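First comes the structure, then the notes that go with it.
The values are calculated or read from the model by the stated rules, or taken from the named source; none is laboratory data. Predicted model, so just to flag it, every value in this text is computed and none were measured. Backbone-built Cβ (ideal geometry, glycine too); neighbour counts: all protein chains shown. Areas reflect the complete protein model, heavy atoms only, side chains present, ligands, DNA and RNA absent. Shrake-Rupley method; radii C 1.70, N 1.55, O 1.52, S 1.80 Å.
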Amino acid sequence: MPDKEHSAGGVIFEDGTVLLILVKNLGGKVWTFPKGRLESGETPETAALREVAEETGWDCEIISPLYKTEYSFLRGNMPVDKDVRWFLMKRVGGDGLPKTPDEVLSMKWLPLADAENELIYKADLEIINLLKKLGS
């Protein structure tokens, strides 16, 4: 039975727009939301805040829990079960310069409808649908 990986991420949603990052993934480039694995002793909340700060350069605070997804994939030949807890965030500081430029190739703010056209991950699209409900 594979180990379970725990990750957390943040969705910065301001004035009807979300911040997306372009990451290298499995040889390609994918637009998504900032996220990463929990480090030893971290809560999902602290991991989400750390990952957003590292990947976007923005210091944020959590407004509320937003979504949890679980999925499985292969890393090489090894099956991996993963869960990700997502939090709705707002910016409170920072400079908007990613601290992990080797991971994050670009960033952009997009209205929800435009973001929906850029995203490919099922969970990311679910998050857009949740945000549309929040915004209405």
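With respect to A123, is the statement that it is over 21 Å from K24 (Cβ atoms), modelled with pLDDT of 90 or more and of a type in the set (A, V, I, L, M, F, W, C) true? The answer is no for A123.
When G76, G9, G16 are screened for being free of Cβ contacts under 8 Å to residues at least 60 places away in the same chain and not aromatic (F, W, Y), only G76 passes.
Quick check on this structure: which one of E5, E39, E45 is farther than 26 Å from D114 by Cα, of a type in the set (D, E, K, R) and touching a helix residue (DSSP H, G or I) at 6+ places or on another chain (Cβ under 7 Å)?
Only one candidate passes the filter, namely E39.
What do you reckon, is P44 over 12 Å from V11 (Cβ atoms), buried (at least 18 other Cβ atoms within 10 Å of the Cβ) and modelled with pLDDT of 95 or more? Judged against the criteria, P44 is a match.
Looking at the stretch 68-114, which of the residues that are farther than 28 Å from K133 by Cα and among the charged types (D, E, K, R) is nearest to the chain's Cα centre (by Cα)? Restricting to residues being farther than 28 Å from K133 by Cα and among the charged types (D, E, K, R), the top hit is E103. Restricting the first member to the stretch 100-112 and to residues that are under 12 Å from F33 (Cα atoms) and of a type in the set (S, T, Y), and the second to residues that are assigned to a strand (DSSP E or B) and modelled with pLDDT of 90 or more, the beta-carbon pairs closer than 8 Å and six or more apart or on different chains are S106/I21; S106/L22.
If the condition is being aliphatic (A, V, I, L, M) and open to solvent by less than 70 Å² (accessible area, probe 1.4 Å), then the stretch 18-41 contributes V18, L19, L20, I21, L22, V23, V30, L38. Residue under question is I128, and the condition is that it be within 25 Å of H6 (Cβ to Cβ) and within 13 Å of the chain's Cα centre (by Cα); does it hold? When the stated conditions are applied, I128 passes them.
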